[in-house]
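Since the structure comes first, as structure tokens, the remarks are kept for the end.
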Amino acid sequence: MEASPAAPPALALHDVSKRYGRYWALARLSYTLPQGRSLLLTGHNGSGKTTLLRLVATAHSPTHGQVEVQGRDTVKERDAVRREVALLSHASFLYEDLTAWQNLMVLARLLGLPSPEDASGELLTKVGLGRRSSSPVRQFSAGMRKRLAIARLLMKAPSLALLDEPFGELDPAGIQDMERIIGELKDSGVTVVLATHLIEQGLSLCEERLHLQEGRAVAA
């Protein structure tokens with residue numbers, strides 16, 4: 001009896017470099033993240049963390065090298081990768097004049113969810129916005145926008161969640177909620193890549209760590 005093929009890694013970086021003009025944001029970066037593991041991405045501002053997350057999310061393409069998600073090339077199989085990945089970034093991509101509930105309903109319908117009303121209501125409650133579901137996003141604080149953005153990520157149900165400074169702009173209660181949500185993502189089998197300056201929280205949530213300095217992997 002033949003052994004079943006091994007599952008591809010959740011994320012694989014093969015000699016990845018990214019250049020903007022004359023500036024190299026990433027240089028010769030290689031790394032493999034097995035499925036079922038979560039990665040803490042650290043480094044000072046400008047070290048390449050956000051650039052790397054954008055490459056994985058297919059928002060940009062590498063100048064050299066190859067990025068793979070679940071064995072799929074992020075350039076050659078971009079559409080398939082985008083169905084697997086969700087990115088929580090500094091830009092919220094929210095509709096300012098729509099309510100929190102309407103924002104989620106738009107995404108739920110785009111995703112073709114069978115019960116968009118129920119899904120939207122449940123997620124708003126989960127992220128602590130149940131009482132503000134009918135408020136327009138333009139009235140939200142930065143922390144409330146972050147909560148709604150994580151609700152959008154959860155609605156997509158990715159296999160790989162990319163979180164760029166998810167604790168930023170949150171109060172202590174919001175940080176606790178975010179830690180709980182990340183833990184639940186991991187428990188459900190989602191691979192998490194977490195970029196944060198809050199090292200203590202990151203180390204408590206991730207099994208692996210990749211530290212970047214001027215676009216290169218170095219010892220933390």
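Select, from Arg109, Arg145, the only residue that is surrounded by fewer than 21 Cβ atoms within 10 Å (Cβ to Cβ), of a type in the set (Lys, Arg) and more than 30 Å from Gly48 (Cβ to Cβ).
Residue meeting the stated conditions: Arg109.
Could you list all residues from the range 8-63 that are among the β-branched types (Val, Ile, Thr) and closer than 23 Å to Ala86 by Cβ? Hits for the range 8-63 are Val16, Thr32, Thr42, Thr50, Thr51, Val56, Thr58. Would you call Thr42 of a type in the set (Val, Ile, Thr) and closer than 29 Å to Ala142 by Cβ? Considered against the rule, which asks whether it is of a type in the set (Val, Ile, Thr) and closer than 29 Å to Ala142 by Cβ, Thr42 comes out as yes. Taken together, the criteria place Ala157 among residues that are within 24 Å of Leu53 (Cβ to Cβ), of a type in the set (A, V, I, L, M) and surrounded by fewer than 17 Cβ atoms within 10 Å (Cβ to Cβ).
Every residue, every condition in (1) part of a helix (DSSP H, G or I); (2) surrounded by 14 or more Cβ atoms within 10 Å (Cβ to Cβ); (3) on the phi > 0 side of the Ramachandran plot; (4) not hydrophobic (A, V, I, L, M, F, W, C), yes or no:
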{"site": "Thr125", "(1), (2), (3), (4)": "yes, no, no, yes"}
{"site": "Gly128", "(1), (2), (3), (4)": "no, yes, yes, yes"}
{"site": "Ser134", "(1), (2), (3), (4)": "no, no, no, yes"}
{"site": "Ala149", "(1), (2), (3), (4)": "yes, yes, no, no"}
{"site": "Leu162", "(1), (2), (3), (4)": "no, yes, no, no"}
{"site": "Glu169", "(1), (2), (3), (4)": "no, yes, yes, yes"}
{"site": "Glu184", "(1), (2), (3), (4)": "yes, no, no, yes"}
{"site": "Gly189", "(1), (2), (3), (4)": "no, no, yes, yes"}
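Consider the range 110-123 and keep the residues that are in a loop (DSSP other than H, G, I, E, B) and not small (Gly, Ala, Ser). The one that is farthest from Val81 (Cα to Cα) is Pro114. Residues in the range 136-147 that are outside any loop (DSSP other than H, G, I, E, B) and either of a type in the set (Asp, Glu) or in contact (Cβ under 8 Å) with a residue 12 or more places away in the chain (or both): Pro136, Val137, Arg138, Ala142, Gly143, Met144, Arg145, Lys146, Arg147. The condition (being at pLDDT below 95 and touching a Leu at 6+ places or on another chain (Cβ under 7 Å)) is satisfied by just one residue among Arg147, Arg131, Arg109: Arg147.
Within the range 51-76, the set of residues being touching a strand residue (DSSP E or B) at 6+ places or on another chain (Cβ under 6 Å) and hydroxyl-bearing (Ser, Thr, Tyr) comprises Thr51, Thr63, Thr74.
The values are calculated or read from the model by the stated rules, or taken from the named source; none is laboratory data. Bear in mind the structure is a predicted one, so any value in this text is a computation, not a measurement. Here Cβ is always computed from backbone atoms with ideal geometry, including for glycine, and neighbour counts include all displayed protein chains.
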